[in-house]
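Enquirer: Provided herewith is a single structure, encoded as C-alpha cells, for subsequent inquiry.
The values are calculated or read from the model by the stated rules, or taken from the named source; none is laboratory data. Keep in mind the model is a prediction, meaning the values are calculated, not measured. Heads up: the accessible areas ignore ligands, DNA and RNA and are worked out on the full protein's heavy atoms, side chains in. Shrake-Rupley method; radii C 1.70, N 1.55, O 1.52, S 1.80 Å.
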Amino acid sequence: LFTLNNNSGQMEFRNKGDLDFLPLSPHYNENSVANILAFHEVNSIPGAKIMFDGGKEDAFYLVFDSGRIVKFVRARIGLYYYDVEHPENHEFERGSTSFVSTVRENEAL
C-alpha cells in the first residue's frame, strides 16, 4: 500500500503492475493518470545507471549497459516524467545522445 497526500486529499495506490518500458512493478491507482516511480528503485535496475547534470539540462537519463537510454523530462509542476504515449521523445540508443563536455564548458564550472 502506498498513500499519496497532496493539496486535493489522499490517493491510495493498492495495486502493483509491470511497466512496459522499464523492468519495474510500481504501485498504481486505477483513477490516477500517472505512476509514481521511486528514484531509488529506478537507480537499482540492474545494468543501468542514472545520469543527471542540471547545469546542462533539466532532465535525467537512465543509461543501460546495452546502449539504451531513457530520458525523463521535467514537467512545469516540477516532477520528472516519461510520456508512454510518445516514447519516441524519451528513448534513445547510445551514439544518438552525447554526454560529452568541452574543455571550455568544464573550465567555466
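Enquirer: Can you give me the % of accessible surface on the chain that is carbon or sulfur? Probe 1.4 Å, all protein chains present, nothing else counted.
Expert: C and S atoms contribute 50 percent here.
Enquirer: So for the chain, averaging the separation of alpha carbon pairs under 8 Å that are six or more residues apart and normalising by length, what relative contact order in percent results? Please report the intermediate quantities before stating the final value.
Expert: Details: 131 pairs, mean separation 12.7, N = 109.
It rounds to 12 percent for the chain.
Enquirer: Follow-up. Given 10 Å bins starting at zero, what is the percent of C-alpha pairs of the chain in each, up to the one with the largest pair distance?
Expert: Result, from short to long distances: 11, 39, 33, 12, 4, 0 percent.
Enquirer: For the chain, what is the accessible area per residue in Å², given a 1.4 Å probe and the full set of protein chains?
Expert: Values: 8020 Å² over 109 residues.
Averaged over the residues of the chain, the accessible area is 74 Å².
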